[in-house]
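Remarks on the structure that follows.
Laboratory data are not the source of any read-out in this text; all were calculated from the coordinates shown. Please read all numbers here as calculations on a predicted model, not as lab measurements. So basically every Cβ, Gly included, is an ideal-geometry build from the backbone, and we count neighbours across all protein chains shown.
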Amino acid sequence: MTSLLPRTALATFAALGLMAGSAFAQDYPTQPITFIVPFSAGGPTDTVARLVAQAMSDELGQQILVQNVGGAGGTLGAGQAATAAPDGYTLLLHHIGMSTAPALYADLPFDPIEDFEPIGLITEVPMTLVARADFEPETLEELVTYIQENGENVIYGNAGIGAASQLCGLLLQDALGVRMTEVPYQGTGPAMTDLLGGQIDMMCDQTTNTTTQIQAGEIKAYAVTSPERLDNLPDIPTTSEGGLNLEVGIWHGLYAPAGTDAAIIERLTEALQVALADETVITRFAELGTAPVTEGQATPEGLAETLSSQIELWGEVIAAAGVTAQ
Ligand code: MLT
């Protein structure tokens, strides 16, 4: 159920401040809210979204629905959210992909800064280098040698150009000076199914999607991309322990369409901070190898600062790698 008023009228009202302090903002929310997640259900971004959605829904007193809009490395769902009504009822939960997309897509259907109001950062998830259970290499060192010797014969799954799993793959291939064969999915949820089935050889994916299978011994894990080992995966070495220069964390943020009323953004930021202090969220994040950001980071300023500095960083890395989506 979306707003009855067309986007332009809402933007006009917002611009004229007619909504500021109005019953519209003060009574917010009066109907269910939708989180657009730009990847498949069951994957890492979906996992973070559903945990946060439940805790924010308890705080806001309204249901929060998760709508998965996968495709094009997350840019399809983000593009849909950018054109949604700025009424606080359609939000975007996305990750580092917001900052890689501008450098990869010449005709990106949205501007990550101009088309969105930041609400706050959520978490930064480490990644893991994993492979099918019967993959030959046993250690990170053996994996590096294997990839360098087999290059394109190594089938690497990812969630499309601009996704975290593609970005990590890019950094890995650059660090090793070889190209693997990349198979894109709408998310690493379905890619994990094919990894478990042996249809693909390996992935680099977030601990929020790999922890359970690693702990169950259903897939092989070679390294984590965090600076330190993780409490939930203590036996998995870091990439730097294995001499691999590949450290990356997948930060996640919550956004509203540009023009959304400041009072609504404030209410959503408050609810996000309450959700990130929720014991259920904290415990489940820890079980999956991550943690909420600080209250100071779970703010519009915290997200805006991270987004702009990361757009700059990945713009240089991606340009140097000479990779584009087209
Ligand atoms: C997902 O939720 O499927 C992932 O975040 C995809 C990715 O970015 O690798």
Original post:
How much length, in nm to one decimal, is gained on full extension between Asp107 and Gln67, taken as 0.36 nm per residue of separation minus their Cα-Cα distance?
Top reply: 12.0 nm
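In square nanometres and to one decimal, what's the mean projected area of the convex hull around the Cα atoms of region 90-173? Write out the running numbers ahead of the final one.
On the way: hull surface 30.5 nm².
Convex hull of Cα atoms, orientation-averaged projection: 7.6 nm².
With only alpha-carbon pairs counted, each pair once and no self-pairs, how large is the Kirkwood hydrodynamic radius of region 200-281 in angstroms?
Working: mean 1/r = 0.0635 Å⁻¹.
Over region 200-281, the inverse of the mean reciprocal pair distance is 15.8 Å.
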**OP:** Quote the relative contact order of region 82-239 in percent (integer), defining contacts as alpha-carbon pairs under 8 Å separated by 6+ residues.
**Re:** 28 percent
Original post:
region 115-254: D in µm²/s via Stokes-Einstein (Kirkwood Rh, Cα pairs, 10 °C, 1.306 mPa s)?
Top reply: 105 µm²/s
Subject >> DSSP beta bridge pairing in region 108-267, given as percent antiparallel to the nearest 5 >> reply: 75 percent
Subject >> Dmax and Rg, reported as Rg then Dmax, of region 50-97 (C-alpha, Å) >> reply: 11.7, 34
**OP:** Would you mind giving the three semi-axes, in whole Å and largest first, of the ellipsoid equivalent to region 75-129 according to its Cα gyration tensor?
**Re:** 20, 16, 9
Subject >> Surface/4 estimate of mean projected area, convex hull on alpha-carbon atoms of region 29-157, nm² >> reply: 10.1 nm²
Original post:
For region 140-194, what's the relative contact order in percent, using C-alpha pairs closer than 8 Å and at least 6 residues apart?
Top reply: 43 percent
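Please give me, ordered by residue number, the GluC sites (Glu not before Pro) of region 128-222 that lie in loop per DSSP and have at most 12 other Cβ atoms within 10 Å. Walk me through the intermediate numbers first.
Working: sites: Glu138, Glu141, Glu142, Glu149, Glu152, Glu182, Glu218; in loops: Glu138, Glu218.
Listed in order of number, the matching sites are Glu138.
In terms of the Cα gyration tensor, with a ≥ b ≥ c the square roots of its eigenvalues, is region 261-326 rounded because a/c is under 1.5, prolate because a/b exceeds b/c, or oblate? Numbers along the way, then the final one.
Values: a/c = 3.08, a/b = 1.59, b/c = 1.94.
In terms of gyration-tensor shape, oblate.
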Original post:
Binned at 10 Å from 0, what are the whole-percent values of the Cα-Cα distance distribution for region 152-207, short to long?
Top reply: 28, 59, 14
Original post:
What is the spin-label model distance, in nm, from Thr283 to Glu149 if the labels are put 7 Å beyond Cα along the C-beta direction?
Top reply: 4.7 nm
Subject >> Antiparallel bridges, percent of DSSP beta bridges restricted to the chain (to nearest 5) >> reply: 65 percent
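Report the Stokes-Einstein translational diffusion coefficient (µm² s⁻¹, integer) for the chain, Rh taken as the Kirkwood radius over Cα pairs, at 25 °C with viscosity 0.890 mPa s.
Numbers: Rh = 20.1 Å.
For these conditions, the coefficient is 122 µm²/s.
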**OP:** Determine the relative contact order of the chain: mean sequence separation of Cα pairs under 8 Å and six or more apart, normalised by residue count, in whole percent.
**Re:** 27 percent
Original post:
To the nearest 0.05, how large is the calculated FRET efficiency for Thr294 and Thr30 if R₀ is 35 Å and r is the Cβ-Cβ distance?
Top reply: 0.70
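Given region 31-76, what whole percent of its Cα pairs are spread farther than 11 Å?
Working: 645 of 1035 pairs.
For region 31-76, the share of Cα pairs beyond 11 Å comes to 62 percent.
Let me know the volume per residue of the alpha-carbon convex hull for region 163-246, in Å³. Display every interim value, and only then the final one.
Working: hull volume 7.8 nm³, N = 84.
Taking the convex hull of the Cα positions in region 163-246, it is 93 Å³ per residue.
Could you give the semi-axes, largest first, of the ellipsoid that matches region 234-281, computed as the square roots of 5 times the alpha carbon gyration tensor eigenvalues and rounded to whole Å?
Numbers: eigenvalues 262, 54, 6 Å².
Computed over region 234-281, the values are 36, 16, 5 Å.
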